[in-house]
Structure formats: C-alpha cells, structure tokens
Amino acid sequence: MNIDDIFKESLENHESDVNPKIWEHISGEINQVDKSPVWSIGFSKILLAGIGILIVSALCFWTLVPPNKTDSSNLPEQLMDQVNEIEVSGKDQSVAQNLINKKNQQKQTTTSVQKETKNNTVDHVITDRFDNQTKTFKQQANIKDQAYSNPVVDNTKDKTENRSTKNFTQENEEFFSNTKTNSINLFGNLILNKQNKNSYVSLGTRNHITKKTNIKPTEPSLIALEPFVIKRKAQECPSFYKDVWVPYMWTEYGNVFPQRSLEAEAGYEDYLDLRNQYEETQYSFDFAAGFGLKTPYGIFGELGLQYSQIQEKFSFTDPETIKKTQIITIDTLFMDGQIIANSDTSYIDIPGAVTIVTHNKYKFFNFPMMLGYDYGINPNFSIGVKAGAILNFSFRQKGRFVDEDNTPVWFSSSAPDRIEAFTDKISMSFMTGIQATYHLGDVMSFYASPQIKFIPKTITTDSYQIKQTYLNPALTIGIKYSIL
Amino acid sequence: MIEAEDLLQEGFIRVFKNLHQFKFQGSLEGWIRRIMVHSCIKYVTKKINRHELVEFTQENELVEKAIAFSNLSAEDLMKLIQSLPIGYRTVFNMYAIEGYSHDEISKLLGIKPSTSRSQLVKARKMLQKNLAKLQKLVG
C-alpha cells in the first residue's frame, strides 16, 4: 500500500466536524439572496411585463380616444358649435369678397365680417382635418338652396356628399323653416382669417343658435355655395396623420449599445471572470427595411428584414510572450581634437508586452414583427410606442476569446481549430420602444426611436459552459413612405 | 481550519445560488462536490505563491517504504496534510484524495503538468517523513 492509498482510504469518506455557526452564516447569506433586488427576477419576465403594459396602455388609449366622427343626427347644432375653416383659392377669395359686399348691400342682420387677407397665393387644399366640417357645410348649403329652389352647383367630384345631402334635406327643412333669418343667418359669418401665412376663408359661425322661430327665410342668403369651388388636393391620398388606412414602406438604422450578460455553469465562474477580463462590448449597429400598415385608429403593424451586428473587442496581453527591443548606444569621445563615435547595439526581451486585439462580431438576420400605437399631437408631429418580437437567425460569428486555460482561441466558424462555442441557430428576441415622428408631408414621415432589444436565449451552443445573452439599448432613426 | 470553514461556507452559498442549474443528470452529491472543489481551487490559485511550485527538471520517484499506519486516526492524517505547504497540499489533495489526473490539475491550477507531478512527489516525500516521525511518537 503506497502513501496515496493510505490517505485516500482514511480521508475519502472522512467527515470533519463543522462549527454550527457556519450553517447560520450560510442560512443568512441565502436569505439575503432571496431578498435580492427586483432585477434578479430576470430581465425576461420584466421585459415581457413591460411589453404587456405597453400593449394594454395602447389599447386603452385607443378605446378612450374616439375617432373624429361627425354625428349626422345633430348636424345643425354641431355646425353652429364648430369653427369651420376652409382654405379657398385666390379666385375664390374674390368671390367671397363679392359675397361680403352683397351681404352688406342686402343689409342682412348677421354677425361680424372680418377681413385680414394679405396673401393671395393660397393652395387649393382642404385638409382632411376639416373634412367633416366641409362636408357638413356643403350639405347645409344644398339644403338651404333646395329650400329656395335654387340648386347648388357643386363642382366637387365627391358625389357621395351630394347623395348624403338628401338624407338631411327633410330633417333640415324644418330647421330652416324655423330659423329666424333676419336675426340669425345660418352661415352668416364669413370670416377671412390669416393663419399660417396663408389666407383662409372661414365659413360658419361661432354663434350658438339656441332659439328657433317660425319665421321662414325670405330670400337666399349669401351662403349659396356655388361660388365656392372647393378643390381638394390629393383628397384620397393616405396620410400618416389622418384617420385612414396607410400602407407604407419603412427603413431604419439603429445605433446599438450592447449590454452583455454572461452566466457560467456551476464551477466555471473563474472562466467567466476570464471572459469578462479580456472582452468588452463596443458600439454596434443594425439596419432594417419592411412594410407596415397604419390603421385609422393609430395602431400600426410592421414586418421587415433586419441585419444586426454586435461588436466586441477582445484584448489579451499574453504574459508568456516576449517582445524583443533593440537598444542602440552611441558613445562619443573627443580624442586629440577628433570626435570618435562608438555605437553598440543590444537587444532586450520585454515579457508580456504583446497584446492581441481582435474585434469580435456576432451577426444576425432578424425578422421583426412589430405592433405599435401612434398618437398625433398635431398634423406634423406624433408620438407613439411600439413593441414586438424578433425572429433571430445568428450566423457566422467571428472572433476570439480565451479558453479555460487562459489561452486565446478562435471561435470563428471558419477557423479550423475553433472552439465550438457558437453555431448558426434560430432564436427569438423582443424589443420595445417609444418613437417621435415628424411628418414631412402626406406620404413621408421621419422618426427617431429609443429602443431596448432583449435577447433572452444564449447565443452560444448548449454544450458551451458560458451563457451569453444581451440587453441592447438602441437609438434608431428611420423613414416611412406611404405606398399609395 | 478557519480557511476551510470559510471555503465551506462560500461553497455552499454557491451551491444554493446555482441550484437551478442542476439538471438532475448525475448525482447531486457529485455536483456539490465539484462546486466545492472548484471553490477551493479558486481560492488556492489566488493565494498560492507560484514560486512555491518549483518544477523538477528530473523527477525522482520515491521508493516508498511500507509503514504500518493502522494506529493513526483520520484526524492525524488530516493534520499531516495540513502541515504541508499550500502548493504540495493542493496537488496531493487533488491527485490522491479527489482523483484528478495531472493534466486536469494543471488546467485547473494554471500550471504545467510537470509542475503538478513534481509537487506531488515533494508532498509525498514530506508526508512520508512526517509520518515516520509521527509513527515513532505514537509508538
């Protein structure tokens, strides 16, 4: 029996007495672990909860904010309460002015007329923001002219509006018959306002008609709509800030600031420390393009294709490497008035002076599937939230790290003697973010979006001892372009 | 002894923290043992003075003498091991008690396999010498 066997036999199953206080300490430490802060619950659960909250919030918001619709059952009263502003052409302004003059000549009792027109170059545009009001306006005008057997010549191409007018005729004849024309004119206000450097003719009234009389109007009012040739520019064109369906293309670029998380299997904590010691994440990026669809309610969905690249720097100073450095010594002597120079060359070895630097690249092809909600602050600007899942296909990882022996090794898929730490694989990640959108026009929008992208599953192989996941904040900018 | 207790505590805390990683493949005892051993190795590799691990250029295998140790208790043997320098003690424990090979020891401790062998030889020498002394004392 050799000495190894003697010790092994005696000590292999030997149990030493342990101070009971140790168990108390362990118990105390474990309790502290149980009371660890919220982030120990796991980012995946927090992130999923966050996405859920965002989606629920968006749905609530959508439910609580009704779309801008006109209730046709209460048109006259609504019309009185609304401030109707319609842009008309320069030609139409002169017509409007004629109407004002005519109105003054007829000395009809009405409300004030204001004129502040300075700029005659006005686009032939009616923003859809006021579609409902415009529609109502024309309906009322038609109704009124019908009452006086003076049909309106409606030059607009929107035949549906004429049809809808009939629906209101009967109902509003009573209204008009009960309107005291001499004191209150339904469309008595013709207001010329200057707004946003353009001239507007605002039709409608700020007055509230609350009293109805039995006096029937005796003559047509100035409100005959005939002169108002209302022209619409791109009336049917979907716009990102209108309550319509908008199919669109999008493309974006993201500046990614990856936050890596390594988790070691039990017993490999030292190896994890080595990985963290020599590797650091760096600025990364992704870019994507795809299609989206915005609903009239502000909710939008997007599908696309994305390329993503996470970049890290591996920097390893090998203590066993030796760098040879040349030292040249020149001695200069003066001898008998002459300069005698003597040079000597020597080499010294500097250990640990060689540093290996490799830029590791983790590449992904992603298929993002997004759902979001956009809330229009004004016609030019909106804010929103979005969240979704991303199908990741990781491929051709390239780079180096240290193995358990603290030796630099390649893990690139093309390296012949590589460590099998990464492989092509499919996984799922999640993202959420907010976005601010500036509408450059009816068909194009520019947006900036701070986002968080979470890759909960390790990108390493199952057999590799270190799990490698990411939580990547990103700042993304992009463009949406309406297809129609 | 205090160090051992600290390591025991640290090892068990690591066990509980990583309990979710136990996949019920193999015995729980083996898994805990592995964590404990790694905890100790981590401690030792930090503390160990590498200059203590002097490499033998030529290995001198001991001609071990058969000595009757039947009257020595496990506690006595433990004390003998604890009397070894940390480098000797670590390699001897890993090789003789835990059953690691020299290649495994070299990887775990970050030393060369030849260094592991030389440390083992030195540990054996010292243990044998101390054992003989103890044997005389015990009688």
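Going through (1) over 20 Å from A:Lys467 (Cβ atoms); (2) among the charged types (D, E, K, R); (3) touching a residue at least 60 places away in the same chain (Cβ under 8 Å) one by one, A:Glu404 falls short only on (1).
Got at least one residue in segment A:421-431 being without any contact (Cβ under 8 Å) to a residue 40 or more places away in the chain, exposed (fewer than 15 other Cβ atoms within 10 Å of the Cβ) and under 27 Å from the mean Cα position of the chain (by Cα)? Yes, segment A:421-431 contains a residue that is without any contact (Cβ under 8 Å) to a residue 40 or more places away in the chain, exposed (fewer than 15 other Cβ atoms within 10 Å of the Cβ) and under 27 Å from the mean Cα position of the chain (by Cα). Within segment A:296-313, the set of residues being at pLDDT below 90 and surrounded by 14 or more Cβ atoms within 10 Å (Cβ to Cβ) comprises A:Tyr297, A:Gly298. Scanning segment B:7-39 for residues that are among the hydroxyl-bearing types (Ser, Thr, Tyr) and closer than 16 Å to A:Ala264 by Cβ yields one hit, B:Ser39. Mind checking which residues of segment A:435-455 are open to solvent by 40 Å² or more (accessible area, probe 1.4 Å) and closer than 22 Å to A:Gln309 by Cα? Residues satisfying the conditions are A:Pro450, A:Ile452. Within segment B:34-60, take every residue that is modelled with pLDDT of 75 or more and facing chain A (nearest Cβ under 10 Å) and give me the one that is most open to solvent (accessible area, probe 1.4 Å). Among them, the one singled out is B:Arg34. Restricted to strands (runs of 3 or more DSSP E) entirely inside segment A:367-448, those with at least 1 residues that are among the hydroxyl-bearing types (Ser, Thr, Tyr) are A:381-398, A:425-439. Residues being basic (Lys, Arg), at pLDDT 80 or above and farther than 27 Å from B:Leu7 by Cα are entirely absent from segment B:79-87. The residue of segment B:90-117 that is farthest from the chain's Cα centre (by Cα), among those that are within 12 Å of chain A (Cβ to nearest Cβ) and among the aromatic types (Phe, Trp, Tyr), is B:Tyr95. Could you list, in sequence order, all residues of segment A:264-285 that are surrounded by 15 or more Cβ atoms within 10 Å (Cβ to Cβ) and within 14 Å of chain B (Cβ to nearest Cβ)? Passing the criteria: A:Ala264, A:Glu265, A:Ala266, A:Gly267, A:Tyr268, A:Glu269, A:Asp270, A:Tyr271, A:Leu272, A:Leu274.
Just wondering, is there one or more residues in segment A:338-356 that are open to solvent by less than 70 Å² (accessible area, probe 1.4 Å), under 34 Å from the mean Cα position of the chain (by Cα) and at pLDDT 80 or above? Checking segment A:338-356: not a single residue is open to solvent by less than 70 Å² (accessible area, probe 1.4 Å), under 34 Å from the mean Cα position of the chain (by Cα) and at pLDDT 80 or above. Quick one: would you say B:Ser70 is at pLDDT 75 or above and open to solvent by 70 Å² or more (accessible area, probe 1.4 Å)? It is false that B:Ser70 is at pLDDT 75 or above and open to solvent by 70 Å² or more (accessible area, probe 1.4 Å).
The values are calculated or read from the model by the stated rules, or taken from the named source; none is laboratory data. Being a predicted model, the structure only gives us computed values, none of them experimental. Positions of Cβ are generated from backbone atoms using ideal geometry, with glycine treated the same way; all protein chains shown enter the neighbour counts. Keep in mind that these areas ignore ligands, DNA and RNA; they rest on the heavy atoms of the full protein, side chains included. Shrake-Rupley method; radii C 1.70, N 1.55, O 1.52, S 1.80 Å.
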